[in-house]
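Here's a structure for you.
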Amino acid sequence: MKLGIGQDSHVPRYQAIRNLPKTSKKAPVPRRTGFLTRFFQFTLVLLLVAAAAGALGAYALYSYLEPQLPDIEVLRDVRYQMPMSIYTKSGKLIAQFGEKKREPLNFEQIPQTVVDAFLAAEDDRFFDHPGVDYQGLARAAVLFARTGEKRQGGSTITMQVARNFFLSSEKTFFRKLKEIMLAMKIESKLPKRQILELYLNKIYFGHHAYGVEAAAQVYYGKHVSELSLAEVAMIAGLPKAPSAFNPLANPERALIRRDYVLKRMQTLGRITDAQYREAIAEPVNASLHTVTVEFYAPYVAEMVRGEMYAQYGEDAYVNGYKVYTTVDERLQNEAKKAVRDALHDYDERHGYRGAKKQLDLRKIRSEAEWDEQLAGAERLGDTIAGLVTAVSDTAAEVYLGQSQRTTLAWDGVRWARKYINADATGAYPRSVKEVLKPGDIVRLRSNQDGAMVLAQVPAVEGSLVSLDPSSGAILAIVGGYDWNHSKFNRATQSRRQPGSGFKPILYTAALEKGFTPASVVNDAPFVFYDPAVEGGVWKPQNFGGKFYGPTRLRVALAKSRNLVSIRLLREVGLKRTIETAKKFGFTQDELPRSLSLALGSGTATPLRMAQAYSAFANGGFRVEPYIIEKILRQNGETLYEATPSVACADCTGDSIVRGNLAPRVMSPQVHYMMHSMLQDVVRIGTATRAMSLGRADLAGKTGTTNDQRDTWFNGYTPSLVTICWMGFDSYQPLGEGETGGHSALPMWIAYMREALRDVPEKSFDVPEGLTTVRIDPGSGLLAPAGSSRGVFEIFPSERVPKYYAAPAVSERHSEGEAGAASAGGEPAPPRQERAAKSLESLF
């Protein structure tokens, strides 16, 4: 019986155990191996679960955020926020409105150096990553974990595009996730070049400049294609911190940043060592450059800005609209000059008001101190400030600032009588010393010969409006002496009494009712009860206080006879006259319901008067003044183009290219008669000075209001309507003798002389239904046979006189009228507030 465990049963038990194989000693090992296996299995499962949970969480987060992401398709047709630009008719820039300066470029227009500089500064792996630079993000995460600070962010150009176009500037975890998701989405839809184009046109560079082209213009006054390598690097360094690295505010830090960008370009092989050395040696030469205005017309710019804001609100300032006006540059310049010259002429007629400031030259001796004193005296209109440093009997030495000097000769000072009031001046000076003293701060301007003369900023104001009567297009408009002196636009905002300039409206109503130019109305005293007037009685008079008896309407209008106009209004009727005025463009609140309306006691802006007189100039049609010709979107598409109603007596609907036919406000027959009467205002009436222009197609009407507070000339040819006004903003009188023919007409003549240069004369054809006959000038009846005083007059065919004037009466009346015609004069209507309200019941 075998009792052992092996072959040799006689071997002792312990010996048998010792002789067992070595593996028999590690019997517990299988149990530990199983434990490790299970541990690794558990860890793997845990990792898989975590990964699944992470993926599920990421999917859930994506599902939550994805619907909130904007549609990146809008990037295919981006409309950048750009300022509104306003241009003349020919395309010269007048002004820009809007804070954001931007000039978008196509990628092909961006120099390769600019692309290289921005990639070196912001994202050198831009063309390699899918919108998110995972290496950069990893570096940023590690750095944040180690230091707790965010020193480099790994934000790619695509991520910046996502942030700038779609996201807010808040720094949150969810916003960053949205930024990453959007960047990847953008990269999947758009090519790299388009993404880079979006970035370079959108990014902010400080000083309201957005995009590389705007930055180049703001900091260097150049196009981006004209920048040097150093200038490109300076701009490329700005987006990281536009304030901290701004070359204007912090040139030292800007230089460090610029040189960093250049070094990066060198390291990446984008520039050579020689280019690098040359660029870092270039000094910082940035300076602030504002937009270059090519044509200065601030009253025009503000008019257009107001209209655009009324139409488009705040969008007007950010949508990049290009607004082309109707303004003609040559005419606008001539209008400005005419207004300023007329105001200076008036100012000099009424005397010198003296130096505004006087310095003690014993205490203030150096040019630096003089410059400091002159610094606050900006150029206004045609005048510049200067300091009188020495005076003799025949001349004065004047320091103009910045080491500039001039001599003021006696001829430039002799006008300077002392101003006393609007009606009085002192005697003419006998020497320069009577006018000026050393230490006087004065104003000077150049005269027509280029010599410097003593001047002052006019206290009086004026305005001018010039229209194309066929369409209402505003060709020139000046709202005052100088925009910097006063931003109030008197051409469009100042509602003044038109005075006798309103009379042609009344006369039109009279002709429509059946009166003729030969109708006779008595020019005799007229008294009305009016409690609003001192003494309770209104006694209207002609200018000069004379009365001329029975007067034909043609002569009454030419000589501006007040009493004829008042009687005519009573005959025509207030209601009919007001309705006629409304057809010309006047509104109800501009037309008082009283007899004083005959003398122009209502209100009107110069622009309103231009609209009204356009009807006389264009054949009898009402046009609407306008100044915006067309509006283009930033991509060049036409947003708006004016289609004005046009005046055309011979046109049919099919022959009008743009717009509609303007409505008629008077028949061709009434228009022709009115036009011929308004021509006589120039030929024999209160505006004969206009005959100096040597044209036969001039017509118009002077206007002067009560106490000479407003003076007007409303004149035209069939090609051009121009309204000139002069007065004080305070409504104080202009002074004795300052009538429309004396104050406003010279402004009109000066402008029209240039405006009508090379413009051929035009006339109106006599319409059917009118007849010209020879009449007695005193009675308006047919001239008797053998009379030597007969004149030709126009009549509607059915209104031709049927009777002849008695020979003796004809001779007597014609002689009396000849004397009256030479006297003439301007009317002085009462102020609107003194209108005879008690007379309203008569109408």
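The values are calculated or read from the model by the stated rules, or taken from the named source; none is laboratory data. Here the structure is a predicted model, which means the values were calculated and not measured. FYI the Cβ positions are ideal-geometry reconstructions off the backbone, even for glycines, and counts take in every protein chain you see. Remember, those area values only see protein heavy atoms, side chains included, never the ligands or the DNA or RNA. Shrake-Rupley method; radii C 1.70, N 1.55, O 1.52, S 1.80 Å.
Given the options Gln275, Gln266, name the one that is in a helix (DSSP H, G or I), open to solvent by 30 Å² or more (accessible area, probe 1.4 Å) and touching an Asp or Glu at 6+ places or on another chain (Cβ under 7 Å).
Just one listed residue meets the conditions, Gln266.
This table checks each residue for (1) polar (S, T, N, Q); (2) over 20 Å from Asp123 (Cβ atoms).
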| position | (1), (2) |
| --- | --- |
| Asn250 | yes, yes |
| Leu255 | no, yes |
| Asp259 | no, no |
| Leu268 | no, no |
| Tyr276 | no, yes |
| Ala281 | no, yes |
| Val284 | no, yes |
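In the range 442-452, what residues are open to solvent by 20 Å² or more (accessible area, probe 1.4 Å) and either at pLDDT 95 or above or of a type outside the set (Asp, Glu) (or both)?
Arg443, Arg445, Ser446, Asn447, Gln448, Gly450, Ala451, Met452 - these are the residues of the range 442-452 that are open to solvent by 20 Å² or more (accessible area, probe 1.4 Å) and either at pLDDT 95 or above or of a type outside the set (Asp, Glu) (or both).
Turning to a different aspect of this structure: Criterion first (on the phi < 0 side of the Ramachandran plot, of a type in the set (Val, Ile, Thr) and free of Cβ contacts under 8 Å to residues at least 40 places away in the same chain) does Thr272 satisfy it?
The answer is yes for Thr272.
Hey, another quick one. If you scan the range 191-222, which residues turn out to be of a type in the set (Gly, Ala, Ser), in a helix (DSSP H, G or I) and in contact (Cβ under 8 Å) with a residue 40 or more places away in the chain?
Result: Ala214, single match.
Here is a further query. Return yes when Gly573 is more than 43 Å from the chain's Cα centre (by Cα), over 19 Å from Met673 (Cβ atoms) and surrounded by fewer than 17 Cβ atoms within 10 Å (Cβ to Cβ) and no when it is not.
no
Report, ordered by the first and then the second residue, all pairs with beta carbons closer than 7 Å, sequence separation of six or more or different chains, a first member in the range 628-650 that is more than 21 Å from Asn618 (Cα to Cα), and a second member that is open to solvent by 70 Å² or more (accessible area, probe 1.4 Å) and aromatic (Phe, Trp, Tyr).
From residues that are more than 21 Å from Asn618 (Cα to Cα), the pairs are Lys630/Tyr640; Ile631/Tyr640.
Okay, moving on. Quick test for you: out of Ser614, Ser565, Ser596, Ser601, pick the one residue that is open to solvent by less than 40 Å² (accessible area, probe 1.4 Å), modelled with pLDDT under 95 and not in a loop (DSSP other than H, G, I, E, B).
Answer to the check: Ser596.
Further, regarding this structure: Only one of Arg753, Arg695 is charged (D, E, K, R), assigned to a loop (DSSP other than H, G, I, E, B) and either more than 25 Å from Arg552 (Cα to Cα) or open to solvent by less than 10 Å² (accessible area, probe 1.4 Å) (or both). Can you tell me which?
Checking each option against the conditions leaves just Arg695.
In the range 580-593, which residue that is in contact (Cβ under 8 Å) with a residue 40 or more places away in the chain, assigned to a helix (DSSP H, G or I) and of a type outside the set (A, V, I, L, M) is most open to solvent (accessible area, probe 1.4 Å)?
That would be Lys583.
Going through Gly545, Gly514, Gly535 one at a time, which residue ends up being out of contact with any helix residue (DSSP H, G or I) (no Cβ under 6 Å at 6 or more places or on another chain), at pLDDT 95 or above and loosely packed, with under 14 Cβ neighbours inside 10 Å?
Gly514
On to the next question. Scan the range 134-184 for residues that are under 24 Å from Arg79 (Cα atoms), within 43 Å of the chain's Cα centre (by Cα) and modelled with pLDDT of 65 or more and report the count.
Residues in the range 134-184 being under 24 Å from Arg79 (Cα atoms), within 43 Å of the chain's Cα centre (by Cα) and modelled with pLDDT of 65 or more: 16 in total.
Another question, then. Checking Val284 against (1) among the β-branched types (Val, Ile, Thr); (2) assigned to a loop (DSSP other than H, G, I, E, B); (3) open to solvent by 80 Å² or more (accessible area, probe 1.4 Å), only one condition comes out false. Which one?
Failing condition for Val284: (3).
Here's something else I'd like to know. Let me confirm something: among Tyr199, Tyr204, Tyr210, which residue is closer than 27 Å to Val132 by Cα, more than 31 Å from the chain's Cα centre (by Cα) and not β-branched (Val, Ile, Thr)?
After ruling out the rest, the residue left standing is Tyr199.
Same structure again: Test each condition in (1) charged (D, E, K, R); (2) at pLDDT 95 or above; (3) within 34 Å of the chain's Cα centre (by Cα) for Lys356 and report the one that comes out false.
In the conditions (1) charged (D, E, K, R); (2) at pLDDT 95 or above; (3) within 34 Å of the chain's Cα centre (by Cα), Lys356 misses (2) alone.
How about the range 339-363: which of its residues are out of contact with any strand residue (DSSP E or B) (no Cβ under 9 Å at 6 or more places or on another chain) and open to solvent by less than 80 Å² (accessible area, probe 1.4 Å)?
Matches in the range 339-363: Asp341, Asp345, Asp360.
For the range 699-713, does any single residue satisfy the condition of being of a type in the set (A, V, I, L, M), open to solvent by less than 20 Å² (accessible area, probe 1.4 Å) and farther than 26 Å from Gly514 by Cβ?
No, the conditions are met nowhere in the range 699-713.
Could you say whether any residue in the range 226-235 is among the acidic types (Asp, Glu), closer than 18 Å to Ala121 by Cβ and under 34 Å from the mean Cα position of the chain (by Cα)?
Yes: one or more hits.
Based on this model, can you work out whether Val766 counts as open to solvent by 10 Å² or more (accessible area, probe 1.4 Å) and modelled with pLDDT of 95 or more?
Yes: the conditions hold for Val766.
Now a separate question. Which condition does Ser85 not pass, out of (1) modelled with pLDDT of 70 or more; (2) farther than 30 Å from Tyr299 by Cα; (3) not β-branched (Val, Ile, Thr), if it passes all the others?
(2)
Would you mind stating whether Ala422 is touching a helix residue (DSSP H, G or I) at 6+ places or on another chain (Cβ under 9 Å), among the aliphatic types (A, V, I, L, M) and in contact (Cβ under 8 Å) with a residue 60 or more places away in the chain?
yes
What are the pairs with Cβ atoms under 8 angstrom where one residue, in the range 336-348, is more than 19 Å from Tyr299 (Cβ to Cβ) and small (Gly, Ala, Ser) and the other, located anywhere, is buried (at least 23 other Cβ atoms within 10 Å of the Cβ) and modelled with pLDDT of 95 or more? Sequence gap at least six, or different chains.
none
For the range 568-579, which residues satisfy the criterion of being of a type outside the set (D, E, K, R) and assigned to a helix (DSSP H, G or I)?
Leu568, Leu569, Val572, Leu574, Thr577, Ile578
When you look at Val261, is it among the β-branched types (Val, Ile, Thr) and open to solvent by 30 Å² or more (accessible area, probe 1.4 Å), yes or no?
Judged against the criteria, Val261 is not a match.
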